[in-house]
1. What order, most packed first, do the peptides 5-16, 37-48 have when packing is the mean number of other Cβ atoms within 10 Å of each residue?
2. When Lys and Arg each count +1 and Asp and Glu each count -1, what net charge do the other residues less than 15 Å away from LEU61, Cβ to Cβ, add up to?
3. Could you work out the helix-only [θ] at 222 nm for the chain, with each DSSP H run of four or more residues adding -39,500 (n - 2.57) and the total divided by the number of residues, to the nearest 500 deg cm²/dmol?
4. HN-Hα J couplings of the stretch 41-46 from phi, Karplus 6.51/-1.76/1.60, θ = phi - 60°, integer Hz, Gly and Pro as x?
5. Can you give me the relative contact order of the chain as a percent, contacts being Cα pairs under 8 Å and 6 or more apart?
6. Could you give me D for the chain, from Stokes-Einstein at 10 °C and 1.306 mPa s, where the hydrodynamic radius is the Kirkwood radius over C-alpha pairs? Units µm² s⁻¹, please.
Amino acid sequence: MDKISAILSRIQGERVYIDTNIFVYFLDQNERYFDIAIPFFQLFDEGVSLAHTGADLFSKLRL
């Protein structure tokens with residue numbers, strides 16, 4: 001997870017665009033990517049970074 005830690009450090013205090021795939025991995029608890037997605041959502045939840053996504057996210061996720 002050293003690469004993930006480096007990315008998390010680099011995006012602190014930044015506005016970050018989040019594509020649909022990270023939501024899919026997180027919501028589906030994808031076996032391969034779920035544990036990688038969690039720290040990103042924690043960073044956004046804590047307000048350390050500001051996440052943005054496209055307006056079509058919900059239609060892609062069918063929520």
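Read-outs: derived from the displayed coordinates by stated rules, not from any lab. As the structure is a prediction and not an experimental result, all values here were calculated from the model. All Cβ positions, glycine included, derive from the backbone under ideal geometry; neighbour counts span all protein chains shown.
1. Per-residue mean Cβ counts within 10 Å order the peptides as 37-48, 5-16.
2. Residues close to LEU61 contribute a combined charge of -1.
3. Helix-only estimate at 222 nm: -15500 deg cm²/dmol.
4. Karplus-based 3J(HN,Hα) across the stretch 41-46 equals 5, 5, 4, 5, 5, 7 Hz.
5. Once normalised by length, the contact order is 45 percent.
6. 130 µm²/s
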